[in-house]
Amino acid sequence: MALTPEDVDHVAALARLGITPAERQRFAEQLSGILEHFQALQALDTENIPPTAQVLELRNVMRPDVARPPMPRGQILVNAPRQEAGFFRVQAVLEE
Amino acid sequence: MSTTLHDLTAPEARDLLIQGEITSTELTHAALDRIQHVDGKINAFLTVTADLALRQAAAADRALLAGNGDSNATPELTGIPIGLKDLFCTDGVETTSGSKILKGFVPPYDATVVARLRAAGAVFVGKLNMDEFAMGSSTENSGYFPTRNPWDTSRVPGGSSGGSSASVASGECILSLGTDTGGSIRQPAALCGVAGLKPTYGRVSRYGVIAFASSLDQVGPFSIGVEGSAMILHAIAGQDPLDSTTAPVPVPHYRALLEGGINGLRIGVPKEYFVQGTEPDVEKCVNAAIETLGELGADIGDVSLPHTDYGLATYYIIAPAEVSSNLARYNGTRYGLAATHVPDTWAAMDETRRTGFGDEVKRRIMLGSYALSSGYYDAYYLKAQKVRTLIKQDFDRAFEHFDVLVAPTSPTTAFRVGEKANDPMAMYLSDVCTLPVNVAGLPGLSIPCGFDSKGLPIGLQLIGKAFDEETLLRVAYSFEQATDFHMTRPTL
């Protein structure tokens, strides 16, 4: 299964990767090679096989509904690229 | 007994510390001196935490003195220098996951494993290099610099926990901690000639461990000789209320269970793990090791894991799918690199991730996004999850007849720096013998079992039943009692 440079652009946009035109050709070739290897799976009949998302047999792990002291706000913000008045500051995502 | 402090194994150091023959401060200075002396050649460390280490050593010495020779008075790791892969959040110490996007990130809290090691009296000498976000098999994908193999510095140490394996192999720390998502503990352990244990999924908490693929990631130790790995596993294993995927399974005292031998133990040899491309020296040494296990009383038999061939494709769909989700958090908002000079929100995010991530991380994010995207989900992701079931069933059937499986850890010994750097598929194939174990969530242990004609170490992989790390450790310990591969050290 070959991935075109346009496919790479589409996936890179989905993942917000901002790749350059020079990178897209190289990634298209490399990713196509990897996807080709994945085709091997199609040979297996998995019609009646249930999927496995995780291997543990744990289900619905609960903890007591008891409040615990949270990490202080200042500590949470300590690595923020930008902050203001105790909040993470971000750029506007909605235009006027 | 080893002659120099930096050559001590964990149990040797423990005995000397308890007897008061050495202090943790001396041991820690020896490790820091060794780092200063050899790390220019190895590049295992991203950060050396000398001040923290010496403070912890001083505290350990006070505890040991108060214990007055009583080994029950202090936790087993008291005063022992340990290195941490740079993806364990460490309160107050820069933690980068080997990525430029986390340069300067100083976590305000400890990962559970770090907190448990602190409580066990460990001394933290520094943070260890790794492939960026643990994606790679050579440590060449580090956003900072490649780490070198102490047996031959023109070669890679394996990866992604290459700093963790190289530092222990070169005596820069006595023990280290790494993570294994598809082989990232076992393969570098094999390539550097040390013991490396990937515990069962759910055995060790992932809280505060920078996530790669959450259904596969697991934390584990490196050591010279498996006794050190038994000591550290005991300290870090067990249920954690902060990680709901940790299992409520009791943690045995692994070190006390090493003796007893392997007489009558049923050991299976999966023929599919001797893949095409396995180097003749690897095959020869692994077969000789299997013979040794037979001489030690184990019942050796052949077993088939028929879906092994599909492990690589299954892994490289599931892991990148989880990556594309887990790494969405690096968007320049809460921590890490942020292209604050770019005015548009979406363009700023593109710029942050374009400059912050390396090529392999980008490849995997794209693979995962593609496998999960509309129209491809069933063909790739769902298919891989179904094959995951088949791979797990292979192991379930094998363990009806065998207690432990044994195979090569890696088809080759350490390869040259640059040899596979531009060929992602060739790099992925380096983990072909380790990937299925993560897919099935089982414990795996690599121990040295010989050297190739170039003098490079070869790893023997032991695969166990879920939550049966103690049997893996016992088999390895029995093998070590009969051989001396684990005590052969590189000359630096």
(request) May I ask you to evaluate 6.51 cos²θ - 1.76 cosθ + 1.60, the Karplus curve with θ = phi - 60°, for each residue of region A:56-71 and list the ³J(HN,Hα) values in order in whole Hz, giving x for glycine and proline? (result) 6, 9, 6, 9, 6, 6, 10, 10, x, 7, 10, 5, 10, x, x, 5
(request) Just need the relative contact order of region B:127-220 here, percent rounded to a whole number, with Cα pairs under 8 Å and 6+ apart. (result) 25
(message) So for chain A, averaging the separation of alpha carbon pairs under 8 Å that are six or more residues apart and normalising by length, what relative contact order in percent results?
(response) 20
(request) Within region B:202-220, which residues have the backbone N less than 20 Å from the label spot 7 Å out from A:Phe88 along Cα→beta-carbon, could you tell me? (result) B:207-214
(request) State to the nearest 20 debye the size of the charge dipole of the protein assembly as shown about its Cα centre, where the only charges are +1 on K and R beta carbons and -1 on D and E beta carbons. (result) 1160
(request) Only Cα pairs under 8 Å and at least 6 apart count here; give the relative contact order of chain B as a rounded whole percent. (result) 18
(request) Could you give the DSSP H helices of chain B that reach 24 angstrom or more along their long axis (alpha carbon positions) and whose average Kyte-Doolittle hydropathy is no lower than -0.5? (result) B:24-42, B:50-67
(message) If I model a spin label as a point 7 Å beyond the Cα along the Cα-Cβ vector, how far apart are those points for B:Ala119 and B:Glu419 in nm?
(response) 4.3
(message) I'd like the orientation of helix A:5-14 relative to chain A: the angle between its Cα long axis and the longest Cα principal axis, in ° from 0 to 90, rounded to 10.
(response) 20
(message) What is the sum of charges, Lys and Arg at +1 and Asp and Glu at -1, for the other residues whose Cβ falls under 11 Å from the Cβ of B:Leu462?
(response) 0
(message) What is the distance in Å between the Cα centroid of region B:316-336 and that of region A:1-28?
(response) 17
(request) Quick one: net charge around B:His253, please, counting Lys, Arg +1 and Asp, Glu -1 for every other residue with C-beta under 10 Å from its C-beta. (result) -1
(message) If I model a spin label at A:Met62 and B:Glu283 as a point 7 Å from the Cα along the Cα→Cβ vector, what separation in nanometres do I get?
(response) 5.6
(request) Give me the number: length gained by fully extending B:Ala66 to B:Arg334, i.e. 0.36 nm times residue separation minus the C-alpha to C-alpha distance, one decimal in nm. (result) 92.1 nm
(message) On a 26 Å Cα-Cα criterion, which of the cross-link pairs B:Lys41/B:Lys362; B:Lys420/B:Lys454; B:Lys271/B:Lys362; B:Lys271/B:Lys392; B:Lys284/B:Lys386; B:Lys362/B:Lys392 come out too long?
(response) B:Lys41/B:Lys362; B:Lys271/B:Lys362; B:Lys284/B:Lys386; B:Lys362/B:Lys392
(request) Rounded to the nearest Å, what's the spacing between the alpha carbon centres of region B:456-473 and region A:45-75? Just the number, please. (result) 27
(request) Would you work out which of B:Leu382, B:Ala339, B:Pro320 lies farthest towards the positive end of the dipole of region B:279-390? Charges go on Cβ: Lys and Arg +1, Asp and Glu -1. (result) B:Ala339
(request) Could you rank the peptides B:482-492, B:23-33 by their average count of other C-beta atoms within 10 Å per residue, with the highest value first? (result) B:23-33, B:482-492
(request) Could you calculate the contour length gain from B:Lys271 to B:Asp7, that is, 0.36 nm times the residue separation minus the distance between their Cα atoms, to one decimal place in nm? (result) 91.4 nm
(request) Name the long-range amide H neighbours of B:Ile300: under 5 Å, sequence gap of 5 or more, or other chain; modelled H, no Pro or chain starts. (result) B:Ile267
(message) Run the helix sum for the protein assembly as shown: -39,500 (n - 2.57) per DSSP H stretch of 4+ residues, divided by residue count, reported at 222 nm to the nearest 500 deg cm²/dmol.
(response) -11500 deg cm²/dmol
(request) Whole Å is fine, so just give me how far the alpha carbon centre of region B:200-249 lies from that of region B:143-174. (result) 22
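Where a number appears in this text, it was derived from the coordinates with a stated rule and is not lab data. If you're wondering where the values come from, they're calculated on a predicted model, not measured in any experiment. Virtual Cβ from ideal backbone geometry, glycine too; neighbours counted across all protein chains shown.
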